[in-house]
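The values are calculated or read from the model by the stated rules, or taken from the named source; none is laboratory data. If you're wondering where the values come from, they're calculated on a predicted model, not measured in any experiment. Positions of Cβ are backbone-derived with ideal geometry, glycine not excepted, and every protein chain shown enters the neighbour counts. In case anyone asks, the SASA skips ligands and DNA or RNA and just uses the protein heavy atoms, side chains included. Shrake-Rupley method; radii C 1.70, N 1.55, O 1.52, S 1.80 Å.
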Amino acid sequence: MTKDFFDVVNERTSIREYDSSAKLSKEELTELLEATVKSPSAWNLQHWHFVVITDQDAKERLLPIAYNQKQITEAGAVVAVLGDLQANKNVDDVYNPLVEAGHMTEDVKNILSGQINGAYKNGAFARDAAFTNASLASMTFMLAAKAKGLDTCSMGGFNAQKFVEEFKIEDRYIPVMLISVGKAAKEAHASDRLPLDQVTTWI
């Protein structure tokens, strides 16, 4: 049973202690990822790729790469969220179905394709887009997990280069974050948020 969206937002916390006996099925994780890929992305290029780690031996290999954070091996799964540095290669897959369905003309597709490929000549742009859009997907994943009664923790603390080497990640992708997901064994410690007026400017 899913929860009200605002309950999900208010209840989501970063959980670092998991019930290691609570396993997650491929079906459960697939359901979360199917929600995740509905995330918005620039030009709808869907700049993300997910490495889903459920095998305990693989988690043990990941543990030192993630600076021995125990949630790596205790959680039901760890999802490595990768950003796509070559998301411009998705143009045909994204736009051809729209052209075929009559929702977009070939001319419009060609204009968009030119804009996208022009932008992707700039490596800094490609990297920023990979991080921004993969991060949007990461938040969707964490909220979807909470809605299904699961808990998560996003981790930026890991050696990205060693991750790439250990798990043989192709050059097209850049690691953005790791997300542990599973059943909490202990509640997160209390945390506060800055006052809204401190982080908001109204114009």
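Values computed for the structure shown
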read-out	value
Potential lengthening between residue 38 and residue 103 on full extension [0.36 nm per residue; Cα-Cα distance subtracted]	21.5 nm
Accessible solvent surface per residue of the chain, calculated while the other protein chains remain in place, 1.4 angstrom probe, Å²	58 Å²
3J(HN,Hα) from dihedral phi, the range 28-40, Karplus parametrisation 6.51/-1.76/1.60, rounded to Hz, x for glycine, proline	5, 5, 5, 4, 5, 6, 5, 6, 4, 6, 7, 4, x
Members of 26/148; 3/23; 121/162; 70/186; 148/168; 23/59 lying beyond 23 Å, as alpha-carbon distances in this model show	121/162; 148/168
Carbon plus sulfur fraction of accessible area for the chain, probe 1.4 Å, in percent	52 percent
Sparsely packed chymotrypsin sites (Phe, Trp or Tyr not before Pro) within the range 1-67, loop by DSSP, other Cβ within 10 Å at most 14	67
Residue range of the chain that is longest and free of GluC sites (Glu not before Pro) which are both DSSP loop and sparsely packed (at most 13 other C-beta within 10 Å)	1-169
Zero-based 5 Å bins, Cα pair distances in the chain, whole percents	1, 7, 13, 16, 17, 15, 12, 9, 6, 3, 1, 0
Residues whose placed amide H lies under 5 Å from that of residue 18, excluding near-sequence neighbours	185
DSSP-assigned coil residues among chymotrypsin sites (Phe, Trp or Tyr not before Pro) in the range 103-181, each with at most 13 further Cβ atoms within 10 Å	none
Length gained when the stretch residue 67-residue 92 is fully extended (0.36 nm per residue, less Cα-Cα span)	5.0 nm
The chain - mean residue ellipticity at 222 nm from DSSP helices (-39,500 (n - 2.57) per run, n ≥ 4, rounded to 500)	-13000 deg cm²/dmol
Set of lysines near residue 109 by C-alpha distance (under 17 Å), chain-local residues within fewer than 8 positions excluded	89
Calculated FRET efficiency for the pair residue 26/residue 167, C-beta based, R₀ 25 Å, to 0.05	0.85
